[in-house]
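The values are calculated or read from the model by the stated rules, or taken from the named source; none is laboratory data. Being a predicted model, the structure only gives us computed values, none of them experimental. Quick reminder, even Gly has a Cβ in these numbers, built from the backbone with ideal geometry, and neighbours come from all protein chains shown.
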Amino acid sequence: MAYLPVEGGARDVPRAREDDTRARSLPAGVLPVSPVLVVAATVVAVGVAAAGVASTLARRRIGLLHLWAAGLLEAVLLVQAVLAVVLLVRGERPADTATFLGYLGGIVLMPVAGALWARSEPTRWAGTVLAVAAGAVGVMIWRLLQLWEAPGG
């Protein structure tokens with residue numbers, strides 16, 4: 001998105017698009033898909049995946065630590081989802097809104113589904129189930145950021 005500086009430098013005004021519509025500008029400091037939250041979610045997802053793989057290698061089911069870690073991952077994802085939904089409601093749109101919403105819904109459900117499935121798995125493979133869910137979140141969160149930053153929105 002291209003911007004023209006405003007006199008006084010306090011705010012940027014969006015430049016007209018090629019189709020003569022005006023692009024909306026975000027308030028200073030507001031990012032719909034925060035890179036900080038993306039990195040935080042990735043770090044937590046890697047930790048959950050590592051814990052899941054470790055329990056599989058130890059031939060054990062998942063424990064309370066795994067569930068707390070999955071809960072932390074879910075909390076980070078919910079903060080990101082609320083931020084994105086608020087800005088969607090305010091009128092900000094990514095280039096492909098339908099795909100963005102699909103990823104947003106899927107990424108919020110993934111840790112919950114993985115934890116529930118892993119909890120119901122009576123074998124040592126419960127950790128692998130949780131690790132796969134966390135790995136999918138680690139990939140999907142970066143795709144979510146990519147979708148929001150795509151040009152043409």
Qualifying residue in segment 78-89 (condition: under 14 Å from the mean Cα position of the chain (by Cα), surrounded by 14 or more Cβ atoms within 10 Å (Cβ to Cβ), outside any loop (DSSP other than H, G, I, E, B) and touching a residue at least 60 places away in the same chain (Cβ under 8 Å)): yes
In segment 96-131, the residues that are surrounded by fewer than 23 Cβ atoms within 10 Å (Cβ to Cβ) and touching a residue at least 60 places away in the same chain (Cβ under 8 Å): Glu121, Pro122, Thr123, Arg124, Trp125, Thr128, Val129
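Right, Arg143: closer than 22 Å to Ala54 by Cβ and either charged (D, E, K, R) or part of a loop (DSSP other than H, G, I, E, B) (or both) or not?
No: the conditions fail for Arg143.
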Identity of the residue in segment 47-66, among the hydrophobic types (A, V, I, L, M, F, W, C) and touching a helix residue (DSSP H, G or I) at 6+ places or on another chain (Cβ under 6 Å), that ends up surrounded by the fewest Cβ atoms within 10 Å (Cβ to Cβ): Val53
Members of segment 71-129 found to be within 11 Å of Leu144 (Cβ to Cβ) and at pLDDT below 90, listed by number: Pro94
